[in-house]
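The values are calculated or read from the model by the stated rules, or taken from the named source; none is laboratory data. Fair warning: this is a prediction, and the values are worked out from it, not measured in the lab. All Cβ positions, glycine included, derive from the backbone under ideal geometry; neighbour counts span all protein chains shown.
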């Protein structure tokens, strides 16, 4: 229980700083299906979520969702 509380507090800290944390993945998500060490499971998650195609897909969906909400563009780059 104490660990769950620490996770909730950490998530709230990140949310307060502007991060989206409502959908988190853990090494357990990999280890439930594969015999993987902690390091291997972390590597799987790293490779999945930093994959060029995944990042592009996320950005495309952000654009799509923002357009559906009729948000005005605000380029800061």
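General remarks:
- Members of segment 47-59 that are out of contact with any helix residue (DSSP H, G or I) (no Cβ under 7 Å at 6 or more places or on another chain) and farther than 17 Å from residue 20 by Cα: 47, 51, 52, 53, 56
- Screening the candidates 39, 56, 65, 4 for the property of being assigned to a helix (DSSP H, G or I) and modelled with pLDDT under 95 yields one hit, 4.
- Under the condition of being touching a helix residue (DSSP H, G or I) at 6+ places or on another chain (Cβ under 9 Å), surrounded by 12 or more Cβ atoms within 10 Å (Cβ to Cβ) and without any contact (Cβ under 8 Å) to a residue 24 or more places away in the chain, the residues counted in segment 1-30 number 5.
- Look at segment 39-57: where a residue is farther than 14 Å from residue 29 by Cα and a partner is surrounded by 10 or more Cβ atoms within 10 Å (Cβ to Cβ), sitting 6+ places away or on another chain with Cβ atoms under 7 Å, you get 54/48.
- So residue 73, is it exposed (fewer than 10 other Cβ atoms within 10 Å of the Cβ), without any contact (Cβ under 8 Å) to a residue 60 or more places away in the chain, out of contact with any strand residue (DSSP E or B) (no Cβ under 9 Å at 6 or more places or on another chain) and assigned to a helix (DSSP H, G or I): no
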